[in-house]
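The values are calculated or read from the model by the stated rules, or taken from the named source; none is laboratory data. Everything numeric in this text was worked out from a predicted model, so none of it was measured. Cβ: placed from backbone, ideal geometry, glycine included. Neighbour counts: every protein chain shown.
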Amino acid sequence: MAFRLQPPDQMMWPDGMRSAVALTFDLDIETPFANGETPVARRPGLGSQAQYAAKVGVPLILSLLEQLEVDATFFVPGKSAEDFPETVRSIAVDHEIASHGYTHEAPSSMGREREEEELLRTLEILASFGVDVAGYRAPFFEPSAHTVELLDRYGLRYSSGLMDDIRPYRHPGTGVIELPSQWLFDDWSQFGHGYDDVLARNATCSHVRQLWMEEFTALHQLGGLMVITMHPQVIGRPSRIQMLADVVSEMKSHDGVWFANCRMIADHAARVL
């Protein structure tokens with residue numbers, strides 16, 4: 001017997017759209033590896049892997065997004081913005097800039113005071129690029145018990161770091177909208193090498209394309225949101241950029257898919273929730 005997923009009684013997306021997709025990119029560059037020390041000085045090979053993001057990955061991604069006519073969100077650590085300002089400026093011309101912490105340390109490992117300091121420091125750095133920062137993603141998808149309260153206190157409108165739903169929701173008692181994601185949609189969990197796992201086996205593009213499309217098809221039936229989390233040094237390899245182009249084109253072939261950046265999705269959700 002074939003199982004059929006049933007959509008909710010009332011769809012939440014604008015203009016009769018059935019589902020929503022957000023393409024997001026974490027501009028980590030060196031921050032996951034540095035731990036306070038630039039990897040170029042300590043391990044040039046590791047640093048070169050990170051710097052590929054700025055040198056090759058971001059230009060390829062921006063070219064792809066222009067061809068696809070899709071708005072995207074780039075979650076930027078404050079340290080990446082300080083070290084690679086021209087890269088951030090190139091992104092800000094057409095796409096949303098959101099916060100991704102300062103040092104890419106998980107807020108769950110910080111105290112409240114330090115988390116607040118890093119949040120404010122990063123907001124100040126990103127504001128210097130002339131952008132209005134509306135959103136935040138916790139590094140490693142690890143917010144703390146204080147994160148939402150701090151986001152609300154300083155006027156951020158959304159977070160994209162939890163994995164407990166397939167649609168946006170409002171954090172109770174706040175103005176913060178959650179845009180849930182999932183490790184399933186994270187390119188690093190499929191393709192990326194970490195600090196010392198240089199012999200790790202990468203997934204093939206065909207595997208990831210099938211994985212993402214299977215989940216998208218089911219989410220689309222349920223009227224859900226798919227937030228894809230990518231990293232320029234990972235998704236920015238030529239074969240993977242081609243795969244992403246194919247995935248987006250296939251998603252667009254479905255009726256009623258709304259491609260939007262996270263700010264647009266959060267602002268719409270805030271109006272209807």
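Taking every residue in segment 230-257 that is under 15 Å from Leu62 (Cβ atoms) and pairing it with any residue that is crowded, with 22+ Cβ neighbours inside 10 Å and of a type in the set (Lys, Arg), at least 6 positions away or on another chain, yields no pair with a Cβ-Cβ distance below 6 Å.
Taken over segment 8-19, the residue count meeting the criterion of being in contact with a Gly (Cβ under 6 Å, 6 or more places away or on another chain) and at pLDDT below 70 is 0.
When Met213 is tested against the conditions (1) over 26 Å from Asp83 (Cβ atoms); (2) more than 17 Å from the chain's Cα centre (by Cα); (3) at pLDDT below 95, the lone failure is (3).
Among the residues making up segment 61-83, those that are within 14 Å of Val248 (Cβ to Cβ), surrounded by fewer than 23 Cβ atoms within 10 Å (Cβ to Cβ) and not hydroxyl-bearing (Ser, Thr, Tyr) are Leu64, Leu65, Glu66, Gln67, Leu68, Glu69, Val70, Asp71. Within segment 252-273, the set of residues being surrounded by fewer than 19 Cβ atoms within 10 Å (Cβ to Cβ), out of contact with any strand residue (DSSP E or B) (no Cβ under 7 Å at 6 or more places or on another chain) and assigned to a helix (DSSP H, G or I) comprises Lys252, Met264, Asp267, Arg271, Val272. Residues that are among the charged types (D, E, K, R) and crowded, with 21+ Cβ neighbours inside 10 Å within segment 228-251 comprise just one, Arg240. Considering segment 20-65, the residues that are within 18 Å of the chain's Cα centre (by Cα) and acidic (Asp, Glu) include one that is modelled with the lowest pLDDT, namely Glu30.
Considering segment 154-187, and only residues there that are closer than 17 Å to Thr73 by Cα and aromatic (Phe, Trp, Tyr), the residue that is surrounded by the most Cβ atoms within 10 Å (Cβ to Cβ) turns out to be Tyr158. The condition of being more than 25 Å from Ala269 (Cβ to Cβ) and either without any contact (Cβ under 8 Å) to a residue 60 or more places away in the chain or in contact with a strand residue (DSSP E or B) (Cβ under 6 Å, 6 or more places away or on another chain) (or both) does not hold for Gly57. In this structure, is Thr217 without any contact (Cβ under 8 Å) to a residue 40 or more places away in the chain, among the β-branched types (Val, Ile, Thr) and closer than 21 Å to Met11 by Cβ? In short, yes.
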